Structure formats: structure tokens, C-alpha cells
Amino acid sequence: MTFHSMWAELRPIGRSSASGGYRRFAWTGADTDCRDWFRQQAESRGLTYELDRNGNQWAWLGDPAEGDAVVTGSHLDSVPDGGAFDGPLGVVSSFAALDELRARGVRFTKPLAIVNFGDEEGARFGLACVGSRLAAGQLTVEQAHRLTDADGITLPQAMERAGYDPAAIGPDPERLGRIGAFVELHVEQGRALDLSGDQVGIASAIWPHGRWRFDFRGEANHAGTTRLVDRHDPMLPYAETVLAARREARLAGAVATFGKIAVEPNGVNAIPSLVRGWLDSRAADQATLDTVVDGVERAAREYAEAQGVELDVVRESFTPVVEFEHALRDELARILGKDRDAALNVPVLGTGAGHDAGILSGTVPTAMLFVRNPTGVSHSPAEHATEDDCVAGVTALADVLEGLACR
Ligand code: HGY
Ligand code: MN
Ligand code: MN
Ligand code: MN
């Protein structure tokens, strides 16, 4: 099966006909359809299909018990109205790269696996990389059981409703211990490759990033009869805090986004009692990230006080900086740079986007390959990569897998 035909098969799953964006949220019907697609791709290639205790899917060539496996893959879930490439490009490219290696007639000297990590985006339960965090022991079972979606459904309930047994979720050190290297191919979520004119690049690091919830509690009242001077309207300090986040990020050379809001009672003619806003902030280093978030919180408290509004700030998730292991990263550069002049000019680039590879990097040697995204747009239906660049990514991934698993 070619990259193109696999892509055509997967593409319609969970896609909105209105926007062209995706709604592949963890343990929903669209997620289950993607998982069925993954299993069908695995079994049609004679790979050994496995579902691990945390709902991550694995397709094995060779015996995992041998250890030192070379693993590739990514995720199939999406953000609300997300793009087609973020996640799925890595999974489809993994199967296509395996097909290419088989066509080359290579002899594998190590076990090889393709993985689909569950719930990478955290769109439903609010925490990114749930499947890989559970496996790596970075999310406890108790924390996982407390994850709840907007309808009050917990993660275990959602897993059960989707036909998965949540009883066994938890750390999977034995499985991760069998992995010698994990390489994730991902569409670039930025324009570095477009600007450098390269089709494929290698990741150097993932910026530290986190999510903070700002709860502004005011006083519900009638929008038509309450004098301005008598109001304790939480929408005002929230709005001023959004502007403060942009200001702090710009000053620090970082990024900060209020992309999600919940208002109670959320009535056109009612002054809100509660405005809940989520801040996503990321910076090239920890000190800068701290400066931005502290600055936003300080400003928010001043604005809230000025309106007689209470404020609670809760850090909901955080991922420290990930410096990908230099040895594996340089091995990829050597493999990919073989046809280039001595100065390996395969671009090496940092990213502000989080990935399962970042979660695993504390446990397993990990590396990432990026495929050019001509506009850099991601987490949007407009996300795009040309088929030519995608196929170049498949070839690069096949080269890397051959270099790592067929020595
Ligand atoms: O949020 C992220 O950076 C990733 O796409 N989950
Ligand atoms: Mn994403
Ligand atoms: Mn992703
Ligand atoms: Mn009324």
C-alpha cells in the first residue's frame, strides 16, 4: 500500500465536512475508527498487533522480548478542528517506511515496532500525551482516574465505553525497557524548513511548556439593570489578562496563548459569576517561561483586585525542556547527511510543540524528524504538507530505520 493510498483511507475519519478540520478525540468513535485503521494496517503487513495497558497500539516486526527495539510512530488523535497531518503523518509514514525497507530487501537485526500513542493532544481530558505519560510513569493512576471531560465522563469511563479495560492502566517500564531507540516523524509546526528550503529536518529540543487555568470569580448580576460602578464583572480582568499575556510574551521572546475559555452562567444578558481561562505558554528556556507566567499572573491579580474579583491560578500541566539525546540525534544527521557534503547540512531545529517523543525522552533514547510545512500553520484545518515532502519524509525515515535496525 502506498503512502498516498494509506493517506486517502485515513483522511476522512473524524473530518468535519464544514471546516475540513478534525475531531478525533480520545476514546470517541472517530478515535476508535482510527485505531481500527491502525490495527488493519498492522495485520495486513503480518505485524504482531498489540494493545498495551494504557491503550497505546503497537505493531511489531520481530520479537519484542529480544529488546533494543527500534520504534517509530506518533499519534492519531487531534485538537478540536485540527489539521490532517499533526500525528497521522508520523503513523502513516512509519507504515510506508516499513514497506520501503521491505522493498529494499533489508535484513532487520533488531525488533522493529510502529506505535500509535493514545490521547496525545489532550483535547478531551485537558492533559497532553496521556498514553505516553502513563507508560513512562509521568501520570499516576490516581491522576488518570481523575481526568474528566466537559460532560463529566472520567478517563476510565471513556475507555470502558470504547470497549477498553482501564483496570490495568499504569507505568509500563518493562515495555519501554525493550526500546533501544524511538524516532517520531512529525509535520513541522513552524516555518523553519520552509525558510531554509529543506524537506526534512531533525529536532534538537522541545521548549518547556505548560498549561495554567485562571479562575476569575465575580458576581453574577443582571446585564441590563446593574450600574457599572456596582459590578464585579470577571470578564474585565480576564480580557486585560489576555492582553497582558501577549505583552509579557512579546517582551520575553516567548509565546503565550489564551485559547480556551469557559463562562458561567454564559448568558448574553447576565454578568458572569465565573470566567475560566486557560493559558498555554512556552519559551526556549525555563527562566524565560517563568518570567512570562509570573508576569501574567501578577498582572491578572492586579486587574482582578481592581474589579473586586477573586482569582485562583492552577498549573494544570507542565513539560520541562527536552534536549534530544545528542548521540542519537547526530546518528540521524550522519545517516541523512550521507549524500551531502562533509558539513552535515540536515537542518536541526527546536520546536515549541510537545510530543510523545518528548515524554519518552526521559526513559528511552528518542529523536524526531520534521517534514516541511509550507505555511507553518498547525492545529488548524489549514495545516498542510505537500505529497512530495511527505514522501521525502518517508524515505528519510526508512533510511534512519535501516541505519538503526539493520546494521
Ligand atoms: O500542544 C502541543 O504542543 C502538542 O501538539 N500536543
Ligand atoms: Mn498537536
Ligand atoms: Mn502532534
Ligand atoms: Mn430577566
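The values are calculated or read from the model by the stated rules, or taken from the named source; none is laboratory data. The shown structure was predicted, so the numbers you read here are calculated from the model rather than taken from an experiment. Neighbour counts are summed over all protein chains in view; Cβ atoms, including those assigned to glycine, are modelled from backbone coordinates with ideal geometry. These accessible areas exclude ligands, DNA and RNA; they are computed on the full protein's heavy atoms, side chains included. Shrake-Rupley method; radii C 1.70, N 1.55, O 1.52, S 1.80 Å.
Taking the highest mean first, how do the peptides 112-122, 55-65 order by number of other beta carbon atoms within 10 angstrom per residue?
Order by mean packing, descending: 112-122, 55-65.
Looking only at the chain, where both bridge partners belong to it, what percent of the DSSP beta bridges are antiparallel (to the nearest 5)?
Roughly 70 percent of the DSSP beta bridges within the chain come out antiparallel.
What is the P(r) of segment 105-152, as percent of Cα-Cα pairs per 10 Å bin from 0?
Per 10 Å bin, starting at zero, the Cα-Cα P(r) for segment 105-152 comes out as 23, 41, 17, 13, 6, 0 percent.
Quick one: order Asp388, Asp399 from most to least accessible surface, probe 1.4 Å.
My answer, sorted largest first, is Asp388, Asp399.
Evaluate the Kirkwood expression for the hydrodynamic radius of segment 215-319, namely the inverse of the mean inverse distance over all pairs of different C-alpha atoms, and round to one decimal in Å.
Here the Kirkwood hydrodynamic radius works out to 14.2 Å.
Among 225-231, 320-326, 90-96, what's the highest-first ranking by average C-beta atoms within 10 angstrom per residue?
Going from most to least packed, we get 90-96, 320-326, 225-231.
Bin by bin, in steps of 5 Å, what percent of the Cα pairs in segment 206-253 do you find, going until the bin that has the longest distance?
All Cα pairs considered, the percentages come to 4, 15, 19, 20, 14, 10, 8, 5, 3, 1, 0.
At 1.4 Å probe size, with every protein chain present, just tell me what the per residue accessible area of segment 215-319 comes to in Å².
Using a 1.4 Å probe on heavy atoms only, each residue of segment 215-319 averages 55 Å².
Please give the solvent-accessible surface of Lys260 in Å², to the nearest 10, using a probe radius of 1.4 Å with every protein chain present.
Lys260 has an accessible surface of roughly 110 Å² with all protein chains in place.
Bin width 5 Å, origin at 0, all Cα-Cα pairs of segment 42-100: what percent of pairs per bin?
4, 15, 23, 27, 17, 9, 4, 1, 0
Tell me, what is the 1.4 Å probe accessible area of Thr140, in Å² to the nearest 10?
Thr140 exposes around 60 Å² with every protein chain in place.
Just to check, using Stokes-Einstein with a Kirkwood Rh over alpha carbon pairs, what's the diffusion coefficient of the chain at 25 °C and 0.890 mPa s in µm²/s?
Calculated translational D: 110 µm²/s.
With a sphere of radius 11 Å drawn around the Cβ of Arg372, what net charge do the other residues whose Cβ falls strictly inside it have (Lys, Arg +1; Asp, Glu -1)?
-4
May I ask you to list the trypsin sites (Lys or Arg not before Pro) in segment 94-133 that are in a DSSP loop and have at most 14 other Cβ atoms within 10 Å of their Cβ?
When the trypsin sites (Lys or Arg not before Pro) of segment 94-133 are filtered for loop state and at most 14 Cβ neighbours within 10 Å, Arg107 remain.
From the C-alpha coordinates alone, can you work out the Kirkwood hydrodynamic radius of segment 142-269, in Å? Don't skip to the end; give the middle numbers.
Details: mean 1/r = 0.0487 Å⁻¹.
Kirkwood radius, segment 142-269: 20.5 Å.
Two-decimal Rg/Rh of segment 1-107 from alpha-carbon positions, Kirkwood Rh?
Looking at segment 1-107, the ratio lands at 0.98.
Please state the charge dipole magnitude for the chain, taken about the Cα centre, from unit charges on C-beta atoms (+1 on K and R, -1 on D and E), reported in debye and rounded to the nearest 20.
Result for the chain is approximately 220 debye, rounded to the nearest 20.
To the nearest 20 debye, what charge dipole does segment 215-319 have about its Cα centre, counting +1 at the Cβ of each Lys and Arg and -1 at the Cβ of each Asp and Glu?
About 320 debye.
Hey, can you grab everything whose amide H is under 5 Å from the amide H of Glu184? Only 5+ residues off in sequence or another chain; H modelled, so Pro and N-termini drop out.
Ala367, Met368, Leu369
Taking the chain as the reference, fit the longest principal axis to its C-alpha atoms, fit the long axis of helix 387-405 to the helix C-alpha atoms, and give the angle between the two in degrees, 0 to 90, nearest 10.
60 degrees
Sorted by accessible area (1.4 Å probe), largest first, how do Asp99, Asp77 line up?
Working: Asp99 40, Asp77 5 Å².
Largest accessible area first, the list is Asp99, Asp77.
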